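Below: the structure, in structure tokens.
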Amino acid sequence: MTTETISNFSISVEQLADPQNFSIQQLYHALETNPNSGILGDSNDLYRRRKSFGSNNNFSSSSITKKSFHKLTLEAFKDTTIILLLCCATLSLVIGIKSNGLQEGIFDVAIIFLPIFFVVNFSVTFRFFKARWISKKIMLRKNKVIRVLRHQQLQQIPTSELVVGDIVFLESGDEVPADGILIQGSSFKFDDGISNLPHERIHHVLFNRIKLVEGNCMCLVTAVGENTERIKLMKRVTHFQHDGHESKLHRSIDEMSSFLDKLCLSLSLIFLVVQVFRCLLWNKSWCCDKDRDPKGVKNTVEELMNEATKYMRRKRGSNGTSKVNGLMATLCILVFSLKDVLSLGIFIILLYASKDFKKSHQIIVHKLPSCANGALVTTLCLSKTPEFVLNFTTLADLWIGFEKIKNMSAVSGGAKDIAEEVLNTLREGICMNIIGGGIDEDALLIWAEKVLVGNIEDLHGSCTIVNHENRNPCKGLCGVLLKRNKEDGEFLHVHWKGEPKLVLSMCSHYFDINGTMQTLDEEKRGLFNRKIATDGVHGFGFAYKRVIRREEDRENYPVDTEEYGTIIAEDGLSFLGIVVIKNPYSTELRRTIEVCRKSGIEIKLMVEDDLNTARLMALNSGILRVEEDLQGSIIEATEFRRCPKEAQISMCHKIKVMANSYPADKLLLVRCLRKWGGHVAATGTSIRDLPSLKEADVGIFVGENCADLAKDDADITVVDSNLGTYAQILRSSYCCNWYSTFLPSLQTLFS
């Protein structure tokens, strides 16, 4: 089939990378499919789709190179340690033949060669069968049968034959075989950490390998194979790791083990070379005389050992015992560290630490080095774990009259027990009377937008500001005079906002919860002051008055101009209510973040929320302090993405909060922090976070969802979503005491 006969689709792979930019009907039209009949599904149609959007043959998050057993063995013998061992064995063969004859020399050397070949082949065999096991696992997923709708018929096909545009039917227990859009379902639930979605939400993006744990649904495939989000991100991780960015722990262990191996083998090689020269160039009787002990070396060694034994058996004081123990510890470390036993010893220590973590903290360690890597962490990148999810209804308390509104969730839907006129006036007073600045002002505006108002821009478009006055910035007292555009201009509306007691002093009446205006006498004023005591928590009072516009003001200062000519009334106001701003995060969370900061761990927040909400989250949790709220500390992910690579690396350590961040942005930030020189830990709660966890020095998966997938890419799984639990990993005494003293001591000893 020639490419000339293939018609192109009206949408590209790049556009499908973010399918939420299109309506579901637009996707149907662009992909030439529909939920009733599916795709055409003939050979020409399938060829077009694979040519345009790729095939679904890539099932691995990282490339696996298939090598034969013979090739793996040859690569193993290229190792420097193995080469040195073979040189030593060869020289031993020469000495053995020279000293004891051909037959006995070959027999002695065979005893040396056999362990070498055993060690090499054991490692090669393990790698070979591990690759075969992974390949088999991939083939099982590749050949797994799924149900799709093609040409009005329900068909069963292998996952590898899936194409973009297919309508896939999923049942409980099925994995999503590719990226797609949820188009229909009933009582379904996914294990992606965000699930339990209502069935009305039919434009939700599904990602490859997410599992449907309850119900059934239909999805439209939008990306397959190498074009899925997970594969694209994992390719970036694999490429970066191949550039030589290993963890500090791995480098230290490898360098120390390699140094000790080479030291031991080099000394043995030098000794054997000297022996060969003695046998070949000097008198043969020297190497044949087994009883000869030149220069009394044998006797000297025996004397030294005897003296050392006597010395250790003496009864000494605490100082002497300390010296003996120090000498023995040093000798034990030296002996224990030779010939790769250092790695074995570290493995045992880390295994013990991982068991203790699981027992005491419900922490599952997938990769043992993470037990020690935690002590090296300088930066912790936090995704939006359950603890950081903002419940906007708990962000503030609302008082109308003398009553506190308990069900704030009902307010956003138009609470029946609160007069609609009072709520509308309060919305207007909050959103139109903005002076900006300060965490409480931002929190008030976000609360009003999420709880009271559907769209602030629509509210701004419905009113025109006639005058605005910032009377007392220290007390937050400000007033606004505005006209509602739907009115003819006869009436103007006055709103004041500030500290509750200050605003209350300007009022002569108040509105109760039913919208009835009541007289505010001194007795009620005192009762208000006692009721609205905020105990140090910042509160805002709101007052309102409707005024008739004077004729001279109407002539001199028309509302459709920008002149401010009308005086804002300051007396005779009616008290609307009080909004008390609260910190939505627990004391325990804020204390944990403060402890981490004092421990030298820099915390960065990576969330999908908008810039203002992300800033509010960071300030309330303690990740960002008021004095740190400077330019560059909070950044949009798109802005960071557009910067040159050099600028990204130089500015990454200054970033405290990244808003509107996608998984690719989180991965980019973690990578830049590592390139900058930090030791990075990252947290995640869904399958989309796994690439950034794999990239980090310590990847921490939070929660029980996607646990099977997390163990492949994350280092640690924390069942409890409490920040204090997994922050404990980074301050663990196992890590700090062992790593900070053991390896540096050895490195100092041999340097």
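Condition test on Arg236, is it closer than 24 Å to Gly703 by Cα, at pLDDT below 90, open to solvent by 20 Å² or more (accessible area, probe 1.4 Å) and touching a Pro at 6+ places or on another chain (Cβ under 9 Å)? Break it down into steps so the answer makes sense when it comes.
Working: closer than 24 Å to Gly703 by Cα: no; at pLDDT below 90: yes; open to solvent by 20 Å² or more (accessible area, probe 1.4 Å): yes; touching a Pro at 6+ places or on another chain (Cβ under 9 Å): yes.
No; evaluated as a whole, the condition is false for this residue.
Just checking, does region 14-33 include any residue being open to solvent by less than 70 Å² (accessible area, probe 1.4 Å), small (Gly, Ala, Ser) and at pLDDT 90 or above? I'd like the intermediate steps shown before the answer.
In the first step, residues of region 14-33 are kept if they are open to solvent by less than 70 Å² (accessible area, probe 1.4 Å); the result is 16-19, 22-24, 27-28, 30-31, 33.
Filter once more, so that each one left must be small (Gly, Ala, Ser): 17, 23, 30.
Now restrict to residues that are at pLDDT 90 or above: 30.
Yes, that holds for at least one residue.
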Long-range neighbours under 8 Å by Cβ, at least six apart or interchain, first residue open to solvent by less than 100 Å² (accessible area, probe 1.4 Å) within region 112-128, second at pLDDT below 70 and among the basic types (Lys, Arg):
Phe128/Lys67
Got a number for residues in region 651-674 being of a type outside the set (Asp, Glu) and without any contact (Cβ under 8 Å) to a residue 60 or more places away in the chain?
13
Would you mention how many residues in region 77-91 are of a type in the set (A, V, I, L, M), modelled with pLDDT of 70 or more and surrounded by 13 or more Cβ atoms within 10 Å (Cβ to Cβ)?
4
Might you let me know whether region 156-163 holds any residue that is of a type outside the set (Asp, Glu), surrounded by 11 or more Cβ atoms within 10 Å (Cβ to Cβ), modelled with pLDDT of 90 or more and assigned to a loop (DSSP other than H, G, I, E, B)?
yes
Contacts under 8 angstrom Cβ, first residue in region 490-513 being without any contact (Cβ under 8 Å) to a residue 40 or more places away in the chain and over 14 Å from Tyr544 (Cβ atoms), partner open to solvent by 10 Å² or more (accessible area, probe 1.4 Å) and not in a loop (DSSP other than H, G, I, E, B), 6 or more apart:
Leu502/Asn472; Leu502/Lys475; Leu502/Leu477
If we keep only residues of region 466-486 that are charged (D, E, K, R) and closer than 15 Å to Glu428 by Cα, then the residue surrounded by the fewest Cβ atoms within 10 Å (Cβ to Cβ) is Lys486
Any chance region 333-355 includes a residue that's over 30 Å from Ala543 (Cα atoms), of a type in the set (Lys, Arg) and modelled with pLDDT under 65?
yes
Which of the residues belonging to region 132-185 are without any contact (Cβ under 8 Å) to a residue 60 or more places away in the chain and of a type in the set (Ser, Thr, Tyr)?
Ser172
Would you confirm whether or not region 491-500 contains a residue that is open to solvent by 60 Å² or more (accessible area, probe 1.4 Å), under 17 Å from Gly429 (Cα atoms) and modelled with pLDDT of 85 or more?
yes
Exactly one of (1) of a type in the set (A, V, I, L, M); (2) more than 27 Å from Phe190 (Cβ to Cβ); (3) modelled with pLDDT under 70 is unmet by Ala707. Its number?
(2)
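Identify, please: which residue in region 49-76 is closer than 30 Å to Arg150 by Cβ and surrounded by fewer than 17 Cβ atoms within 10 Å (Cβ to Cβ) and is, among those, modelled with the lowest pLDDT?
By that ranking, first place goes to Ser60.
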How many residues of region 164-197 are surrounded by fewer than 19 Cβ atoms within 10 Å (Cβ to Cβ) and charged (D, E, K, R)? The answer is 4
I'd like to check something: does region 114-133 contain any residue that is modelled with pLDDT of 90 or more and β-branched (Val, Ile, Thr)?
no
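The values are calculated or read from the model by the stated rules, or taken from the named source; none is laboratory data. Given the structure is predicted, the values throughout are model-derived calculations rather than measurements. Reconstructed Cβ throughout: ideal geometry from the backbone, glycine too, with neighbour counts over all protein chains shown. Note: areas computed on protein heavy atoms with side chains; ligands, DNA, RNA excluded. Shrake-Rupley method; radii C 1.70, N 1.55, O 1.52, S 1.80 Å.
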